[in-house]
Every structure is written in structure tokens, then in C-alpha cells.
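Engineer: Please find one structure pasted underneath; my questions will follow.
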Amino acid sequence: MTTVSGMSRRKFIATAAAVGGSALVPKGLFAGPMQDPVVNTFRKDGKEVNLEKVPWKVRPFPMTQVRLGDGPCKQAQEADRQYLNSLPPDRLLHTFRLNAGLPSSAQPFGGWEAPDCELRGHYAGGHYLSAAALMYASTGDEELKAKANTVVAELGKCQDALKSGYLSAFPIDFFDRLRERQRVWAPFYTIHKIIAGNLDMYVHCGNEQALQIAEKMAGWTAGYTQSLSYEHMQRVLGTEYGGMGEVLSNLYAVTGKEHYLEVAQRFDHKQFFDPLAGHRDELKGLHANTHIPQVIAAARYYEVTGDRRYYDIADYFWNEVVSERSYCTGGTSNHESWNTDPGKLANELSTSTTEDCCAYNMMKLTRHLFGWTGDARLMDYYERTVFSHRLGTINPEDGTMMYYLPLASGYWKTFGKPFDAFWCCTGTGSEEYAKLTDTIYFHDDDSLYVNLYIDSQLEWPEKGLRVRQETRFPEQEGSSFTISAKSPVQMAINLRIPYWVRGGSVKINGTTLQAFSSPSSYLSLNRVWKNGDKIELSLPMGLHIDAMPDDATVQAVMYGPLVLAGSFDPVTNEMMYGDYEPKPGDVHKVPDIVADAGKPTAWIEPDPKQALTFRTVGQAQPATLVPLYKIIRNRYSVYWKVGNKSA
Ligand SMILES: [Zn+2]
């Protein structure tokens, strides 16, 4: 989340609407459970209509058809679910009601939902609804859906009281300040979250009132933006505005109203898009998470318009950020920004590296590119980011979430307090762990793609199939699948062979196949599948080094997709909770590694007695390494300085 220029976030916290035509939705538009707007059709005059100009080549299943089994992903999902259920609707609604002139005696939340915070409402009326809707799709939690439906109904009353279609927990005059280019935090950023939250409640929970609320807000947005010249609007886009272009495109895809697409493209920031379309990396100096959602919008514009310029923007950006500006964890940004030329990361290690929102949004963008191509490399990145960034940034004990994932050595993880954080990253985190079911499996008309090795079950009713994936991955180096089929089905099951695999093999019904596939590809098993068929996939992991692109002696160690971290002394609860980041300076001195930097893994070996545990070899101060995601309470080190002499 960006700060207002020249003002720290903390200091900041201490501190004429035009009515658009928002025709209400005809009854019966909702056509049953949908995955997400990118694959939706909507129903018009009794027929299914699909507006995608570039349909996805491979598509996700509705999350309602995928359920997680035991393992670290389920643990994260359950911690998130409990957290979402702990938030009382009256407290969520408090500032919305006050802003609409309606009574509320609820206890206000703190953090970025405090009554004097300029971002209030972004979580309570936005991320919360998205997360609850996604969680309902992933788990069928009726109690949570009921609470979220209450919030929608009460937000509808607030919107009615405000009259113009505007809905927010802060006064509408924030938009006057935005127009006049006076100091204001990020009004459209917040509006994006609220429209998206309501749209998700429609898509995943069938709440038609939520769609009406979203459409009225879009109508208000149309009026506000229409009153500005192109040049004036471009200046307004200098203030962070989240994924306005994306959510308005989704609204177009779901309703078929072309006007929304036109409004969406008013949020094209020319100054940012032009260099990307020309394949030029001019990202240095930009705030990362202000811009990644704009590229997701470009991906959506490409899908709904077919305009290749938007493809170039999204494709070039993804490749540049992943190959030149990402750390071993899959995360990007330092102090929330890209501060350097491409490939210069060795001096970009701090207590505020890799804002969690950036990982959330890069994964979201990755799904679009994967949908277009089915390229296994994209899922290599996705897997790395799930297991080495996202899993370790929620506290499985209490569902609290991190803001940054610090990559400077010798520090620790910090988590927000449950009712006093509501950071941007609390919001994206609440959504992330509610939608871990959305990418494990994809499909096309004739085949299944297994992208991620996560214990889970898939129902595919169109094929009369159920697939049970059983694995303790990443502790188990592989996975197995049991097919339940009403009648035999001819189809390909495509298993992702990750970039990190060392060898590997597959058995069908106990017989090893002679063929396998190369790393970063899909192994295609095409046959007639019968009830009870079993696939056993072995994916041996090995140690490998991920060195900084600009300094080969600054190295992180990986095992399979897992970033390993040296684990040091535990920290206290006071140190763990409440802050965005650990205190710079309060550092445990991590020893340099004395070894030949040109001989990767010469200085580390597995502990034969404990799975996923490793030890340094031949060092004066030995260290134990474990997967970064498993470290919650201990100081840690991800990058090591490796050389023949200790510095
Ligand atoms: Zn964030």
C-alpha cells in the first residue's frame, strides 16, 4: 500500500457526485456456481452469453468442486476461516453506518479500519466480502456466508442513505480532494475493494443485491470519471487506485453492459502502460503494489477486447518482474518499491522486502497468463510463491497475517493484531488463504491438468469423475491419485513436472511407465480411465542454490520448491505482534559461510533423522536450516554470504 508522498504511513494514519445510469439487474441473471468472472458466462433471454474475446485455453474448476485435505494449505485455510468468523458484522459496518448518517454503537476496529483512517472500509466492506465469498466457495461455510450476506444487506442501506450510488466508509469529499490533487490517501483503491467484494458475493454466493450495489457504485464511478478530461483523469491516476480497471471489466463480463468496459479503460494509466507495451523496463522508482493490479487489468482488457497491446503489457511485465525483480521466494519489492535497475537485488535486502500484496497480485496475474498458454513454467513460479512466500505469512495458530516478508538476515516475522491491523496485506491475505482451491486443477474440454501437489479432492461431474489426490507434499516428494469414475473415461491427465525435479517416475496401477517428462512440462497420461485406477507420481527433490543475479556469492538454498532458512533464537510475543516489520538494527549476527561459492550445496547437507531439516557443513558456527514457511517464531536467515574467507 503506497503512502502519500513525503509522509510515512504511520503519520498518515494519525492524521459532487454524478449519478450514473445504474440499471438494476434482471432477475435470474445468476446462472449457478461460477468460478470467477474470467470464465463466466451470463444468461440473457434464456441463453448463455460469453463475452471473452480471448477465452482461456485451460480453465479452472469452480472452487465448489475442489476440497482441501489435511496439510499446511488446509491449516492456513482453517486459520483464515476462523479469523473471518471472528469478525462481528456490526463492527465491520460501524464506519459505513456513521458515514451514511445511520446509528451505530459498535466498538470501532483499529489499524486501517479505525474511524480516522483514510482507508477505512477497504477491509470491512471490501476484502472481507471477497474473502468470505471465496471461503464459502472453498469450504461451504454457511455461517460465514450468512454473516457476509448481513453485511451486504446493511451496506445496501448505507448506499441508499447516501443516495448517489456512492458507497464508502469515508466522506465523498475525499474525491473532491482527489480531483483537486490535494492530499488524500487512496479513495479509488478503497472503492475497488468494495466493488470487488460485492461482485464476489454475487459470483460465489449468488447474492443479487450485492451485484446491484456493485453496479450502482460503478454508475457513480462512471459519472465522476466522465466529468474529467482525459488529461485530468491521467493526473488522478497518479494516486493509487487498485484494480479499478479489472473489477469494471469483470462487471462487464458478468452483466454484458458494454458501458462498464468503457469506464474500465478510463483507468488505463498511459505513462505506466506505454513503456511496457514497448518492452521497456521503466519500473525503477515505482511503488510495486500500486502497479501490479493495473497489469491484471491489462490482462483482463486483453481477454475482453482481444487487443494485443494489452497482451504485450501483461506478458512483458510478468517476465520482467519474475526474472529480474523477484527474490528466491517469488516475492518482489523492497520498501514497497522497485528501487533499482533490472537484476540488481543483492543490495536490496531489508526488513521490509516483498510486501505480501505483491505476491498475491503476481499470483493472480500468473493465473491469467497460464490460462492463455497452459505453460508449465508459470505454475513453477506459482508453486514456489505458494510454498515459499504465502504459506509462511499467515500464523497457523491464530490466522494473523504479515505485511512484509523480511529477507534481511537475522530478523523475524511480525504479524498484525487481530482487530488492530486490517492492513492491505491483511486484506489480500484473507482472500489468499480462502482461495487455495482455485489453481490446484485446471482443465480443457478433454483433459485434466494437475498444477499443484496439495492433498485434495476434485469433482468433475461433466465427466462423471472424482479424483482424490493424497500427499503429504512437500514432506512427501510426490503424490498419488485415485480415480472414481461412473463409467470408463478416455482422457489425458496432465501432471506438472516441476523445474526442480531430480529424475522422477510414475506408476499406473502399480506398473512403472517407461516414459517420463522433462522439468517444466506436463507429463500427459492419455488412456481410458476406470473406476479405482491409481497413479503414483514420484518427484525427487534436491538441494540447489538460488543466487542473487548481481552477486553470485549471495546465495539462498532451496530444496525442491522450498526456500530453506537458517533458524535461530525465538522471539517474544511483544516482538512478534503489532508492527509492519521487525525493528531494523535489532539483528542477530548471521555468520558468513566459508566455502567455495562456485560449488553449490558444498556447505549444506540433509539431516538423516528429520525430514526437511538440513545442517551447514564445516562452519565454525553451525546452523540448522528448515523450510522458511515453517518458521513462525524464530529469527531466520534466507540469504547467506558465501566465500572462501570469512568477511
Ligand atoms: Zn499490502
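The values are calculated or read from the model by the stated rules, or taken from the named source; none is laboratory data. Predicted model, so just to flag it, every value in this text is computed and none were measured. All Cβ positions, glycine included, derive from the backbone under ideal geometry; neighbour counts span all protein chains shown.
Engineer: Can you tell me which residues in region 481-511 are within 22 Å of ASP455 (Cα to Cα) and among the hydroxyl-bearing types (Ser, Thr, Tyr)?
Structural biologist: Result: THR482, SER484, TYR499, SER505.
Engineer: Being small (Gly, Ala, Ser) and touching a helix residue (DSSP H, G or I) at 6+ places or on another chain (Cβ under 8 Å) narrows it down to one of ALA161, ALA137, so name that one. Break it down stepwise before answering.
Structural biologist: Numbers: ALA161 fails: touching a helix residue (DSSP H, G or I) at 6+ places or on another chain (Cβ under 8 Å).
So the residue among ALA161, ALA137 that is small (Gly, Ala, Ser) and touching a helix residue (DSSP H, G or I) at 6+ places or on another chain (Cβ under 8 Å) is ALA137.
Engineer: Evaluate the following for ARG390: is it closer than 16 Å to PRO561 by Cβ, out of contact with any helix residue (DSSP H, G or I) (no Cβ under 8 Å at 6 or more places or on another chain) and part of a helix (DSSP H, G or I)?
Structural biologist: no
Engineer: Within region 407-422, how many residues are more than 14 Å from the ligand (Cβ to nearest atom) and within 24 Å of GLY585 (Cβ to Cβ)?
Structural biologist: Pass one, region 407-422, residues more than 14 Å from the ligand (Cβ to nearest atom): 407-413, 417-420.
Those left that are additionally within 24 Å of GLY585 (Cβ to Cβ): 407-413, 417.
Going through region 407-422 one residue at a time, the tally reaches 8.
Engineer: Going by the conditions given, is GLN476 more than 16 Å from the ligand (Cβ to nearest atom), polar (S, T, N, Q), in a loop (DSSP other than H, G, I, E, B) and over 30 Å from LEU119 (Cα atoms)? Walk me through how you get there before you give the answer.
Structural biologist: Working: more than 16 Å from the ligand (Cβ to nearest atom): yes; polar (S, T, N, Q): yes; in a loop (DSSP other than H, G, I, E, B): yes; over 30 Å from LEU119 (Cα atoms): yes.
Considered against the rule, which asks whether it is more than 16 Å from the ligand (Cβ to nearest atom), polar (S, T, N, Q), in a loop (DSSP other than H, G, I, E, B) and over 30 Å from LEU119 (Cα atoms), GLN476 comes out as yes.
Engineer: Given the structure, is ILE313 touching a Phe, Trp or Tyr at 6+ places or on another chain (Cβ under 7 Å) and within 16 Å of the ligand (Cβ to nearest atom)? Walk me through how you get there before you give the answer.
Structural biologist: Details: touching a Phe, Trp or Tyr at 6+ places or on another chain (Cβ under 7 Å): yes; within 16 Å of the ligand (Cβ to nearest atom): no.
Answer is no for this residue.
Engineer: For ASP446, which of the numbered conditions (1) at pLDDT below 95; (2) under 19 Å from ARG384 (Cβ atoms); (3) of a type outside the set (Lys, Arg) fails to hold?
Structural biologist: Going through the list (1) at pLDDT below 95; (2) under 19 Å from ARG384 (Cβ atoms); (3) of a type outside the set (Lys, Arg), ASP446 breaks only (2).
Engineer: Name the pairs whose Cβ atoms lie under 6 Å apart, with the first residue in region 276-289 and over 13 Å from VAL321 (Cβ atoms), the second part of a loop (DSSP other than H, G, I, E, B) and within 16 Å of the ligand (Cβ to nearest atom), and 6 or more positions between them or separate chains?
Structural biologist: HIS287/THR2; HIS287/GLU336
Engineer: Shifting gears a bit: If a residue must be surrounded by fewer than 13 Cβ atoms within 10 Å (Cβ to Cβ) and within 16 Å of GLY478 (Cβ to Cβ), how many such residues does region 512-544 contain?
Structural biologist: 2
Engineer: Here is a list: TRP338, TRP318. Which entry is within 16 Å of the ligand (Cβ to nearest atom) and under 18 Å from ARG280 (Cβ atoms)?
Structural biologist: Working: TRP318 fails: within 16 Å of the ligand (Cβ to nearest atom).
Exactly one residue qualifies, and that residue is TRP338.
Engineer: Kindly provide the set of residues from region 396-442 that are part of a loop (DSSP other than H, G, I, E, B), in contact with a Leu (Cβ under 7 Å, 6 or more places away or on another chain) and closer than 21 Å to HIS204 by Cα, ordered by number.
Structural biologist: Step one: filter region 396-442 for residues part of a loop (DSSP other than H, G, I, E, B), giving 396-400, 402-403, 405-410, 412-414, 416-423, 433-440.
Adding the requirement that they be in contact with a Leu (Cβ under 7 Å, 6 or more places away or on another chain) leaves 407-408, 434-437, 439-440.
Matches in region 396-442: ALA434, LYS435, LEU436, THR437, THR439, ILE440.
Engineer: Of all residues in region 358-380, which are more than 16 Å from the ligand (Cβ to nearest atom) and under 20 Å from CYS425 (Cβ atoms)?
Structural biologist: Looking only at region 358-380, we keep the residues that are more than 16 Å from the ligand (Cβ to nearest atom), and these are 366-380.
Result: THR366, ARG367.
Engineer: Moving on to the next point. Could you tell me which of the residues SER326, SER350, SER337 is at pLDDT 95 or above, surrounded by fewer than 18 Cβ atoms within 10 Å (Cβ to Cβ) and among the hydroxyl-bearing types (Ser, Thr, Tyr)? I'd like the intermediate steps shown before the answer.
Structural biologist: Numbers: SER326 fails: surrounded by fewer than 18 Cβ atoms within 10 Å (Cβ to Cβ); SER337 fails: surrounded by fewer than 18 Cβ atoms within 10 Å (Cβ to Cβ).
Result of the check over SER326, SER350, SER337: SER350.
Engineer: Under 6 Å by Cβ, and 6 or more places apart or on different chains, what pairs join a residue from region 423-434 that is near the ligand (Cβ under 8 Å from one of its atoms) with one that is assigned to a helix (DSSP H, G or I)?
Structural biologist: These pairs meet every condition: TRP423/TRP112; CYS424/CYS357; CYS425/ASP356; CYS425/CYS357; GLY427/TYR123; GLY427/HIS127; THR428/CYS357; THR428/TYR360.
Engineer: Which members of region 621-647 meet the condition of being within 20 Å of GLY598 (Cα to Cα) and surrounded by fewer than 21 Cβ atoms within 10 Å (Cβ to Cβ)?
Structural biologist: The first filter runs over region 621-647 and keeps only residues within 20 Å of GLY598 (Cα to Cα), leaving 638-647.
Listed by number, the residues that qualify are LYS641, GLY643, ASN644, LYS645, SER646, ALA647.
Engineer: Take TYR499 and decide whether it is of a type outside the set (Gly, Ala, Ser) and in contact with a strand residue (DSSP E or B) (Cβ under 7 Å, 6 or more places away or on another chain). Spell out the reasoning first.
Structural biologist: Working: of a type outside the set (Gly, Ala, Ser): yes; in contact with a strand residue (DSSP E or B) (Cβ under 7 Å, 6 or more places away or on another chain): no.
It is false that TYR499 is of a type outside the set (Gly, Ala, Ser) and in contact with a strand residue (DSSP E or B) (Cβ under 7 Å, 6 or more places away or on another chain).
Engineer: Also, I was wondering about something else. Spot the failing condition for ALA264; the list is (1) part of a helix (DSSP H, G or I); (2) within 16 Å of the ligand (Cβ to nearest atom), and only one is missed.
Structural biologist: Here ALA264 clears every test but (2).
Engineer: Would you mention how many residues in region 488-504 are assigned to a loop (DSSP other than H, G, I, E, B) and crowded, with 19+ Cβ neighbours inside 10 Å?
Structural biologist: Taking region 488-504 and keeping what is assigned to a loop (DSSP other than H, G, I, E, B), we get 488, 498-504.
Next cut, crowded, with 19+ Cβ neighbours inside 10 Å only: 498-501, 504.
Selection size over region 488-504: 5.
Engineer: Next question. Which residue out of THR393, THR354 is in contact with a Leu (Cβ under 8 Å, 6 or more places away or on another chain), within 15 Å of the ligand (Cβ to nearest atom) and on the phi > 0 side of the Ramachandran plot? It would help to see each step written out before you state the result.
Structural biologist: Numbers: THR393 fails: on the phi > 0 side of the Ramachandran plot.
After applying the criteria, what remains is THR354.
Engineer: In region 94-129, what count of residues is obtained for those that are in contact with a His (Cβ under 9 Å, 6 or more places away or on another chain) and among the small types (Gly, Ala, Ser)?
Structural biologist: Of the residues in region 94-129, 5 are in contact with a His (Cβ under 9 Å, 6 or more places away or on another chain) and among the small types (Gly, Ala, Ser).
Engineer: If you don't mind, there's one more thing I want to ask. Would you call ARG468 touching a helix residue (DSSP H, G or I) at 6+ places or on another chain (Cβ under 8 Å) and part of a strand (DSSP E or B)? Show your work before the answer.
Structural biologist: Values: touching a helix residue (DSSP H, G or I) at 6+ places or on another chain (Cβ under 8 Å): no; part of a strand (DSSP E or B): yes.
Answer is no for this residue.
Engineer: Additional query: Quickly run through region 602-634 and pick out the residues that are hydroxyl-bearing (Ser, Thr, Tyr) and in a loop (DSSP other than H, G, I, E, B). Explain how you work it out, then say what you get.
Structural biologist: So in region 602-634, the residues hydroxyl-bearing (Ser, Thr, Tyr) come out as 613, 616, 624, 629.
Answer for region 602-634, where residues must be hydroxyl-bearing (Ser, Thr, Tyr) and in a loop (DSSP other than H, G, I, E, B): just THR613.
Engineer: Which pairs have Cβ atoms under 8 Å, sit 6 or more apart or on different chains, and link a residue in region 153-166 that is within 14 Å of ASN198 (Cα to Cα) and of a type in the set (S, T, N, Q) to one that is assigned to a helix (DSSP H, G or I) and modelled with pLDDT of 95 or more?
Structural biologist: As it stands, the answer is GLN159/ILE213; GLN159/LYS216; GLN159/MET217, since those pairs meet every condition given.
Engineer: While we're looking at this one, here's another question. Suppose we keep only residues that are within 28 Å of PRO561 (Cα to Cα) and crowded, with 22+ Cβ neighbours inside 10 Å within region 276-289. Which one would you say is nearest to the ligand (Cβ to nearest atom)?
Structural biologist: Among those residues, the one meeting the criterion is ASN289.
Engineer: In region 137-153, is there at least one residue being closer than 25 Å to THR385 by Cα and crowded, with 24+ Cβ neighbours inside 10 Å?
Structural biologist: In the first step, residues of region 137-153 are kept if they are closer than 25 Å to THR385 by Cα; the result is 137-139.
Next, only the ones that are crowded, with 24+ Cβ neighbours inside 10 Å stay: 137.
Among the residues of region 137-153, at least one is closer than 25 Å to THR385 by Cα and crowded, with 24+ Cβ neighbours inside 10 Å, which makes the answer yes.
Engineer: Quick one: HIS204 ticks every box in (1) crowded, with 24+ Cβ neighbours inside 10 Å; (2) closer than 24 Å to ASN289 by Cα; (3) in contact with a Leu (Cβ under 7 Å, 6 or more places away or on another chain) except a single one, so which number is it?
Structural biologist: Status for HIS204: all satisfied but (2).
Engineer: Applying the selection to region 316-349, what residues are among the hydroxyl-bearing types (Ser, Thr, Tyr) and either more than 21 Å from MET558 (Cβ to Cβ) or touching an Asp or Glu at 6+ places or on another chain (Cβ under 6 Å) (or both)? Give the derivation first.
Structural biologist: Step one: of region 316-349, the residues among the hydroxyl-bearing types (Ser, Thr, Tyr) are 316, 323, 326-327, 329, 332-333, 337, 340.
Within region 316-349, TYR316, SER333, SER337, THR340 meet the criteria.
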